Amino acid sequence: MKYYESFSEQTKHYTVEGVLDYFNKRIRVDHYTGNVESIIQTIDELAKKHSFTKCIIKGKGEHVSTWLSFGFLLEATIPHYFQGHDANFFVKYHNDERRNSIH
């Protein structure tokens, strides 16, 4: 059984790289460029395909409103993470049980 694997996808609209974490039932996006709405669609499809209950995004400041408008919550900010620019960590839960979990 796989617990964890890296993934990357590149299209003419975006590039996304991250981790499929089967053990913890979550996706983590570590890097992306391009069309954020297309990336969100891909992430949601992966979550559904693998029955993941949580998505974690290391997002850029210029995309805060887009992530929030698609149901992601701002969980934390790390100053100077991206070559001197702040990183915003967003999460999206796919069920209430996971949202209320202490893990």
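The values are calculated or read from the model by the stated rules, or taken from the named source; none is laboratory data. Quick caveat, the model's predicted, so the values are computed rather than measured. Cβ placement follows ideal geometry from the backbone for every residue including glycine, while neighbour counts extend to all protein chains displayed.
Those residues that are within 12 Å of Ile27 (Cα to Cα), among the hydroxyl-bearing types (Ser, Thr, Tyr) and surrounded by 14 or more Cβ atoms within 10 Å (Cβ to Cβ), I need them from segment 40-85; list them, please. Explain how you work it out, then say what you get.
Filtering segment 40-85 for residues within 12 Å of Ile27 (Cα to Cα) gives 40, 42-58.
With the extra rule that they be among the hydroxyl-bearing types (Ser, Thr, Tyr), the set shrinks to 42, 51, 53.
Within segment 40-85, Thr42, Thr53 qualify.
When you look at Lys49, is it assigned to a helix (DSSP H, G or I), modelled with pLDDT of 95 or more and either of a type in the set (D, E, K, R) or touching an Asp or Glu at 6+ places or on another chain (Cβ under 9 Å) (or both), yes or no? Write out each step before concluding.
On the way: assigned to a helix (DSSP H, G or I): yes; modelled with pLDDT of 95 or more: yes; either of a type in the set (D, E, K, R) or touching an Asp or Glu at 6+ places or on another chain (Cβ under 9 Å) (or both): yes.
Against the criterion (assigned to a helix (DSSP H, G or I), modelled with pLDDT of 95 or more and either of a type in the set (D, E, K, R) or touching an Asp or Glu at 6+ places or on another chain (Cβ under 9 Å) (or both)), Lys49 qualifies.
Can you tell me how many residues in segment 1-40 are closer than 25 Å to His85 by Cβ and not in a loop (DSSP other than H, G, I, E, B)?
Here the count works out to 25.
Residues checked against (1) in contact (Cβ under 8 Å) with a residue 12 or more places away in the chain; (2) within 25 Å of Tyr3 (Cα to Cα); (3) of a type outside the set (A, V, I, L, M, F, W, C):
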{"position": "Ser51", "(1), (2), (3)": "yes, yes, yes"}
{"position": "Lys60", "(1), (2), (3)": "yes, no, yes"}
{"position": "Val64", "(1), (2), (3)": "yes, no, no"}
{"position": "Leu74", "(1), (2), (3)": "yes, no, no"}
{"position": "Tyr81", "(1), (2), (3)": "yes, no, yes"}
{"position": "Phe89", "(1), (2), (3)": "yes, yes, no"}
